[in-house]
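**Student:** One structure coming up, written as structure tokens, with questions to follow.
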Amino acid sequence: MVVPAGSGAPRFLGSASEAFVAALVAMGVEQAFGVFGGGIAPFCSALSQSPIRLMHCRSEAGASFAAIESSLASGRLTVVVATTGPGLTSLVTGMAAARSEGAHVLFVSGATTPAQRGRGAFQETSYHAAGLGALLQPGSLLHCAQMLEDPAELAPLCARLANGLHQPGGFVAHVGFPLSVQTAPGQDVAIRVSHAGSPKPDPMAITRCRELLRPGRFVIWAGFGARHAAAEVRRLAEAARAPVMCSPRGKGVMPESHPLFLGVTGLGGHARVSDYFADTAVDRVLVLGSRLSEMTSFWSQRLAPAGGFVHVDVDTSAFGAAYPNVRTFGVQSDVAEFARELSHQYADEAPLTPKVMRRASFKPLPKVGPLVRYSALMSSVQRKVVEHSSAVVLTEAGNSFMLGNHYLSFDAPHRYRVSTQFGSMGQAAAGVLGAACARGKAVALVGDGALLMFNELSTAAKYGIPAVWVVLNDARYGMVEDGMRSIGWTPFETDFPRTDFVAIAEAMGVRGTRVTDEHQLDKALGEALEADGPFLVDVWIDLSEQAPTNRRNDSLQRQGVNPEAAE
């Protein structure tokens, strides 16, 4: 039970599992995913009897990906549960992805009770078990980690978790929960939160930024960290007449139909962005909420003007990290607060009209014959899903990343999710469940290789989750094969038998349809969007058209993937 702070001595009511779950409810947790087992059974039982919606998934990593996307779509802390030993170790990829993606996720795993440690307990999970100690202490992987050894430790732990909810760059925690503690009598937990809010910009820093950023002579580079500041970024861009480019994860921060929108940088990005820098005198770039990582920038010097960067982020470690050779003026601040204050500095400026390239719409040429080109598929997704529905769109690791970044266009944030930071295969394939649980209909564009590696179709069928998978079925690891060809290799071990995903889906209780002709696309996507529960669209891809992969492959070549080709 959770009680207000200062209500007197704690009372013992129910078990520690029930007390922990009550505290999570008080923190606003609404969703939990996991794979259950004997080592975590009492906690799962308490969850199942609470207002938190608990879903039993088919793999721990799948549960993790669903939790990540649920957290990012809802803005809430989401819980993942797993049992001891391999249950815990199967969470590691999800932990790393959650940390990298900036999600708020709490992992709760079973742990071996003290009396059984060191005695050859089945699936022993403790500080001393081989390889598990790092998962039970905070560090580069986890913001907070603890083995609960006594129910009395629950109250201070919950205080740390509650404060972590307000950490702007995400918060990833792990709690090892021994059976002996899960079933012990629990105390009331009073949630005490001390939150000072996100950092606000120093007025002197705002004045200096106004001096550095002359109207018509700078470009805004919006990233994932600016997704909650869309209105403020647009207001600043219009006040200063500053063109805006965005990272793949920042799509929609600036409406892509806006005349000041330049395009997307990085993986699957637009050549018109580099063209603008080549043709226009740009003094500086104002970076808002991006670390300028490889998949955002490919560390291109073309995007770093002589005057350098003005870089705004809540995390000062981002300043100068990606471009250590470029002059950077760093401002630690919440992006919305900064953009709001800086826009006031341009209120008296005369209107300026920088040269900006308008977004070019794409229409694939008519095609006669079987199979579907990438451009035709993305045109139909843009028309049917993006423009005529409110569905969240996720793209999967591989060619789907590049196709979504390049072809799809969004005029609002929070509609598009791409994991170009950690890039786990399967994150969209399983994560679409979490996005759909949080926001309603969600559509994942996934490669056949990713779906064969990772799927939670059965989970979606059990709970009636309105998730849609659009499978790019080309019977190969497409991004890997295209990369091999680009560096002069003959592809090896990249193909596999073409899979009948409709048969797989229907065998798991999910409706599906196959598309082998471009004229079938709109009807199939419309049927998927109208479905009450999960739906799969199996699209057979025509390999005559290549995905926009060159910049990623160029980056690999610069890193030395094939020295002979570089010579």
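The values are calculated or read from the model by the stated rules, or taken from the named source; none is laboratory data. Quick caveat: nothing in here was measured; it's all calculated off a predicted structure. FYI the Cβ positions are ideal-geometry reconstructions off the backbone, even for glycines, and counts take in every protein chain you see. For the accessible areas, the whole protein counts, side chains as well, though only heavy atoms, and no ligand, DNA or RNA atoms are used. Shrake-Rupley method; radii C 1.70, N 1.55, O 1.52, S 1.80 Å.
**Student:** From the phi of every residue in region 439-452, what ³J(HN,Hα) in whole Hz does the Karplus formula 6.51 cos²θ - 1.76 cosθ + 1.60 yield, where θ is phi - 60° and glycine or proline is x?
**Tutor:** Couplings: 10, x, 3, 9, 10, 10, 8, 10, x, 5, x, 5, 6, 5 Hz.
**Student:** Dipole size in debye (nearest 20) for region 120-264 around its Cα centre, Lys and Arg Cβ +1, Asp and Glu Cβ -1?
**Tutor:** Working: 13 positive and 10 negative charges, 230 e Å.
The calculation lands at about 1100 debye.
**Student:** State, as an integer percentage, the relative contact order of region 212-272 based on alpha-carbon contacts under 8 Å between residues 6 or more apart. Before the final figure, lay out each step's value.
**Tutor:** Working: 96 pairs, mean separation 20.0, N = 61.
It rounds to 33 percent for region 212-272.
**Student:** Quick check: net charge around PRO138, other residues with Cβ under 12 Å of its Cβ, Lys/Arg +1 and Asp/Glu -1?
**Tutor:** Values: positive: ARG99, ARG160; negative: none.
Summing Lys and Arg as +1 and Asp and Glu as -1 gives +2.
**Student:** For region 385-500, just say rounded, prolate or oblate: build the C-alpha gyration tensor, square-root its eigenvalues into a ≥ b ≥ c, call rounded for a/c under 1.5, and beyond that prolate if a/b exceeds b/c, oblate if not. Kindly include the intermediate steps, with their values, before the conclusion.
**Tutor:** Numbers: a/c = 2.41, a/b = 1.48, b/c = 1.62.
Oblate shape, in that a/c is at least 1.5 and b/c is the bigger or equal ratio.
**Student:** Just how many pairs of Lys in the chain have C-alpha atoms closer than 21 Å, counting pairs that are eight or more places apart or on different chains?
**Tutor:** 11
**Student:** Under a plain spin-label model, where a point goes 7 Å from the Cα along Cα-to-Cβ, how far apart in nm are ARG214 and SER257?
**Tutor:** 3.5
**Student:** In what sequence, highest mean first, do 71-79, 481-489 appear when ranked by Cβ atoms within 10 angstrom? Provide the component values of the computation, followed by the final result.
**Tutor:** Working: 71-79: 22.6, 481-489: 17.1.
Descending packing order for the listed peptides: 71-79, 481-489.
**Student:** Per residue of the chain, what 222 nm ellipticity follows from adding -39500 (n - 2.57) for every DSSP H run with n ≥ 4, rounded to the nearest 500? Mind dumping the intermediate values first?
**Tutor:** Numbers: 22 runs with 189 residues, N = 567.
Computed ellipticity for the chain at 222 nm equals -9000 deg cm²/dmol.
**Student:** Pop the C-beta distance of SER458 and ALA503 into the FRET formula with R0 = 22 Å and round what comes out to the nearest 0.05. Each step should come with its number before you reach the end.
**Tutor:** On the way: r = 14 Å, r/R0 = 0.65.
So the FRET efficiency works out to roughly 0.95.
**Student:** Quick one: pull the percent of accessible area on the chain belonging to carbon and sulfur, 1.4 Å probe, ligands and nucleic acids left out. Kindly include the intermediate steps, with their values, before the conclusion.
**Tutor:** On the way: 11570 of 22370 Å².
Carbon and sulfur: 52 percent of the exposed surface of the chain.
**Student:** Next question. Taking the Cα centre of each part, how many Å lie between region 38-85 and region 437-499?
**Tutor:** 24
**Student:** With a 1.4 Å probe and every protein chain left in place, work out the accessible area per residue of region 236-279 in Å², rounded to a whole number.
**Tutor:** Numbers: 880 Å² over 44 residues.
Counting only protein heavy atoms, the per-residue value for region 236-279 is 20 Å².
**Student:** Towards the positive end of the charge dipole of the chain, with charges on Cβ (+1 Lys, Arg; -1 Asp, Glu), say which of TYR346, LEU47, MET508 has the farthest Cα.
**Tutor:** Most positive-ward Cα: TYR346.
**Student:** Out of these labelled values of Kirkwood radius over Cα pairs in Å, (1) 25.7; (2) 25.0; (3) 31.3, which was calculated from the coordinates shown here?
**Tutor:** (2)
**Student:** Can you work out the FRET efficiency for the pair ASP532 and VAL480, with r the C-beta to C-beta distance and R0 = 25 Å, to the nearest 0.05? Walk me through the numbers before you get to the answer.
**Tutor:** Working: r = 36 Å, r/R0 = 1.46.
According to the calculation, E is roughly 0.10.
**Student:** Kindly state, to the nearest 0.05, the FRET efficiency for THR207 paired with GLN137, given R0 = 35 Å and r defined as their beta-carbon distance. If you can, show how the numbers build up before the last one.
**Tutor:** Values: r = 43 Å, r/R0 = 1.24.
Calculated value: 0.20.
**Student:** Still on this structure, I have one more. Amide H to amide H, which residues 5 or more places from ALA444 or on other chains are under 5 Å from it, using H placed in the peptide plane?
**Tutor:** Those qualifying (amide H under 5 Å, at least 5 residues apart or on another chain) are LEU394, VAL468, TRP469, VAL470.
**Student:** What ranking, highest mean first, results for peptides 141-148, 213-220 when packing means the other Cβ atoms within 10 Å averaged over each residue?
**Tutor:** Numbers: 141-148: 19.5, 213-220: 21.1.
Packing proxy ranking, top to bottom: 213-220, 141-148.
**Student:** Okay, next question. Please compute the contact order of region 425-508 in relative form: average sequence separation of alpha-carbon pairs under 8 Å and at least six residues apart, divided by the residue count, as a percent.
**Tutor:** On the way: 106 pairs, mean separation 24.0, N = 84.
After rounding, I find 29 percent.
**Student:** Another question about this same structure. Could you check the simple spin-label distance between ALA231 and ARG76, using points 7 Å along Cα→Cβ, in nm with one decimal?
**Tutor:** Placing both labels 7 Å beyond Cα along the Cβ direction yields 2.3 nm.
**Student:** Using 0.36 nm per residue, how much length does the chain from HIS56 to GLN116 gain when fully extended, once their Cα-Cα distance is taken away?
**Tutor:** Separation in residues times 0.36 nm, less the Cα-Cα distance, equals 18.8 nm.
**Student:** Any idea what the dipole of region 409-523 comes to, in debye rounded to 20, about its Cα centre with Lys/Arg Cβ at +1 and Asp/Glu Cβ at -1? Please report the intermediate quantities before stating the final value.
**Tutor:** Numbers: 11 positive and 13 negative charges, 106 e Å.
Charge dipole, region 409-523, about its Cα centre: 500 debye, nearest 20.
**Student:** Given H placed on each backbone N at 1.01 Å, which residues far from THR328 in sequence or on other chains put an amide H within less than 5 Å of it?
**Tutor:** PHE309
**Student:** Still on this structure, I have one more. Per residue of region 459-475, what does 6.51 cos²θ - 1.76 cosθ + 1.60 with θ = phi - 60° give for ³J(HN,Hα)? Whole Hz please, x for Gly and Pro, Karplus curve as stated.
**Tutor:** Calculated HN-Hα couplings, in order: 4, 4, 5, 4, 9, x, 6, x, 9, 10, 10, 9, 9, 7, 8, 10, 6 Hz.
**Student:** Give, in nm to one decimal, the length gained when the segment between GLN49 and HIS166 is fully stretched (0.36 nm per residue of separation minus the Cα-Cα distance).
**Tutor:** On the way: separation 117, 0.36 × 117 = 42.12 nm, distance 2.70 nm.
Gain in length upon complete extension: 39.4 nm.
**Student:** Of GLN332, ALA436, HIS270, which is farthest towards the positive pole of the chain's charge dipole, taken about the Cα centre with +1 and -1 on the beta-carbons of Lys, Arg and Asp, Glu respectively?
**Tutor:** My answer, from the dipole projection, is GLN332.
**Student:** Which percent, nearest 5, of DSSP beta bridges in the chain are antiparallel? Before the final figure, lay out each step's value.
**Tutor:** Details: 3 of 74 bridges.
Around 5 percent of the beta bridges assigned by DSSP in the chain are antiparallel ones.
**Student:** If amide hydrogens are placed 1.01 Å from N in the peptide plane, which non-local residues have theirs closer than 5 Å to the one on TYR416?
**Tutor:** Placed amide hydrogens put VAL393 under 5 Å from TYR416.
**Student:** For the residue pair ASP275 and LYS523, what label-to-label distance in nm results when each label sits 7 Å from Cα along the Cα-to-beta-carbon direction?
**Tutor:** It is 3.7 nm.
**Student:** Taking 8 Å as the Cα distance limit and 6 or more residues as the minimum spacing, I'd like the relative contact order of region 70-224 as a percentage. Don't jump to the answer; show the numbers that get you there.
**Tutor:** Values: 207 pairs, mean separation 35.7, N = 155.
So the answer I get is 23 percent.
**Student:** Sticking with this one: How do the peptides 520-533, 99-112 rank, highest first, by the average count of neighbouring beta carbon atoms within 10 Å per residue?
**Tutor:** Numbers: 520-533: 16.9, 99-112: 25.7.
Per-residue Cβ counts within 10 Å, averaged per peptide and sorted highest first, yield 99-112, 520-533.
**Student:** Quick one: dipole size for the chain, taken about the Cα centre, charges +1 on Lys/Arg Cβ and -1 on Asp/Glu Cβ, in debye to the nearest 20. All intermediate terms of the calculation are to be shown ahead of the outcome.
**Tutor:** Details: 48 positive and 50 negative charges, 200 e Å.
Charge dipole, the chain, about its Cα centre: 960 debye, nearest 20.
**Student:** From the phi of every residue in region 370-377, what ³J(HN,Hα) in whole Hz does the Karplus formula 6.51 cos²θ - 1.76 cosθ + 1.60 yield, where θ is phi - 60° and glycine or proline is x?
**Tutor:** Per-residue couplings from phi come out as x, 6, 10, 7, 3, 4, 5, 4 Hz.
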